[in-house]
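The values are calculated or read from the model by the stated rules, or taken from the named source; none is laboratory data. From a predicted model like this one, the values you see are computed outputs, not experimental measurements. When we count neighbours, we look across all protein chains shown, and the Cβ atoms used for this are built from the backbone with ideal geometry, even at glycine.
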Amino acid sequence: MAPGHWFALALWLPLMLAAAAAEERRPCSPNKCGNLTISHPFWLPDQATGRSCGSPDFEVTCNKGTPHIRGAAISLGFAILNISYEERSLHVVDLGKLYLLQHAPNSCLVPIWNTSAKLSAPFTISPGSLDLVLYSCPEAAGAAALALGDGELVRTGMRCRNESEVFVRAGGRYNGTGRYGRYEGCDSAVTPVLGANGEANASDYERLIDDGFFLTWELPPPRSNRTSKKITLIAVTSAAGALLFTCIYVLVWRKKGKRLWLHLRKKTSSNTEKNYEAMLVSYGSLAPKRFMYSEVMKITCSRNDQLGEGGYGVVFKGRLHDDRLVAVKFLHDCKGNGDEFLNEVMSIGRTFHVNVVSLYGFCLEGSKRALIYEYMPNGSLDKYIYSEHPKEILRWDRLYVIAIGIARGLEYLHHSCNTRIVHFDIKPQNILLDKDFSPKIADFGLAKLCHTKESKLSMTGARGTIGFIAPEVHSRTFGVVSTKSDVYSYGMMLLEMVGGRRNVKSIVAKSSEKYFPDWIYDHFEQDDGLQACEVTGEIEEIARKMTMIGLWCIQILPAYRPTITKVLEMFEKNSDDMDMPPKQNFSGLLESSTHNMDVQSSSTRPEEISLVH
């Protein structure tokens with residue numbers, strides 16, 4: 001840039017700074033979201049520029065015509081039903097509790113946060129509110145709670161965490177502590193409700209939660225003239241500094257020319273950041289939180305505690321500022337630009353199911369990208385089923401419950417999400433277990449975000465892992481890729497859970513050990529399959545049913561496999577009511593796939609398959 005251009009910049013910069021100071025002093029203009037007018041102290045960000053014009057505490061997002069405010073914790077926030085500017089009160093609904101009723105009545109998870117924990121200054125819950133306490137109780141604890149509840153505890157009919165059931169109880173005036181009854185073995189969450197005539201009937205819990213409650217707020221302190229003068233002073237001082245800098249730059253023009261390039265790079269980076277922030281605002285309160293890379297390093301103590309490493313990246317244990325443990329996956333070989341990455345992360349972040357790992361947040365800073373998930377203290381399923389004594393910790397009844405939970409998670413991904421998600425890499429390593437050994441499906445969606453390195457045992461991330469990959473994913477001669485590709489992988493995993501060994505091991509190692517799907521089918525035909533697996537007594541029905549369902553799921557042609565919904569129906573049946581599936585040429589198919597993929601990986605680029613259909 002010529003010296004004359006720098007002089008023009010010095011004249012232009014004070015004008016821009018003065019304009020910025022005037023912009024800073026200008027109050028927010030009223031705006032509409034649905035039927036509500038959003039005005040001071042509340043404000044809606046500019047969708048085009050992402051400009052903010054008020055206190056962050058009063059930022060409102062407009063989601064499908066409904067205004068939302070975000071909670072202080074990572075949560076679904078609050079929907080605004082009405083605003084009284086004269087009384088400084090908001091009529092709101094806790095979206096976390098509403099989601100519990102509307103979207104997951106049969107696979108719920110009682111929220112771990114009380115409503116009051118999601119709020120911070122300047123908002124407080126109206127003192128006229130009443131208590132409604134939600135309890136999540138295992139079967140024995142629920143029975144005990146009902147006995148102690150004096151008729152005030154109401155069964156909702158919702159079940160969560162497999163064997164847990166949800167109850168509600170209405171108390172007196174709201175104080176956020178749930179003081180009206182604590183029951184041993186039960187988790188609780190307290191939410192305020194309006195009630196009628198100072199009373200709330202627990203039987204009307206759905207209407208009470210849907211009707212919401214009132215928040216009051218304190219006005220932000222007005223900006224003083226002193227502050228405005230300070231801004232003007234800063235603008236004038238900055239302008240004088242820019243002019244002085246221009247003079248110095250002219251004197252050292254030939255030596256310091258590279259500084260302009262750095263300045264332009266920073267400006268480009270700033271524009272990119274504004275685009276990211278505008279996209280996040282457009283997704284509303286359901287968007288997972290964005291963390292800077294420095295924050296992620298602090299969360300993981302500079303990547304000190306490694307949990308594992310896979311095709312998509314390395315996972316480290318971390319802790320958020322509110323002491324919640326998390327698993328942070330640092331991604332490598334991510335494809336596409338930041339906008340594409342952000343869109344895919346938002347798709348992953350909108351999945352909420354008890355059997356799917358929750359995404360708390362993400363990092364997108366230049367080429368640095370990471371995903372922050374809830375922490376699963378019992379690790380992945382593979383370390384249990386491949387151990388020397390696999391049934392000692394995960395007993396047959398627990399394995400059975402885990403198998404059903406995985407199927408429910410897959411059904412949600414296949415049919416209940418905003419978009420239909422095919423995982424393409426269902427295997428024991430991608431099934432994580434929480435503190436109660438409830439299963440959660442992990443790593444869904446990553447095949448579309450990242451490239452993975454090829455090896456003898458794995459193809460591209462969009463294609464899965466040898467031993468679990470469906471035939472049609474490898475070759476379209478077997479059929480069309482669909483949700484039934486995940487059903488095949490699920491069936492292979494069921495058989496590994498029954499046999500306690502890796503199905504692919506004998507083929508890859510070229511040992512004489514017979515491929516397990518062939519082996520179990522041959523023994524089933526001779527009526528000694530379960531005895532060969534050392535299964536007898538009360539657990540025989542569990543093992544037989546899991547094996548039969550697994551054999552149906554791994555039919556070579558997709559048309560003969562059940563859907564995952566049909567699989568869940570099969571779990572409700574007796575194994576004697578199931579037909580034996582036709583035998584497949586399992587080992588021949590695997591040997592052919594292994595050979596062909598070795599040839600393909602060395603000669604051609606594997607065809608990429610879309611993750612979402």
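One table, with the values for the structure above:
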quantity: Those residues of segment 305-320 which are at pLDDT below 90 and in a loop (DSSP other than H, G, I, E, B), in sequence order; calculated: G310, G311, Y312
quantity: Filter pass, G361 being in contact (Cβ under 8 Å) with a residue 60 or more places away in the chain, in contact with a strand residue (DSSP E or B) (Cβ under 8 Å, 6 or more places away or on another chain) and surrounded by fewer than 22 Cβ atoms within 10 Å (Cβ to Cβ); calculated: no
quantity: Check on A140, within 32 Å of the chain's Cα centre (by Cα), part of a helix (DSSP H, G or I) and on the phi < 0 side of the Ramachandran plot; calculated: yes
quantity: Among (1) in a loop (DSSP other than H, G, I, E, B); (2) buried (at least 24 other Cβ atoms within 10 Å of the Cβ); (3) at pLDDT 90 or above - the single one F437 does not satisfy; calculated: (2)
quantity: Qualifying positions in segment 371-425 - at positive phi and in a strand (DSSP E or B); calculated: none
quantity: Any chance S75 is outside the structural domain of G212 (by TED's automatic domain parsing) and modelled with pLDDT under 80; calculated: yes
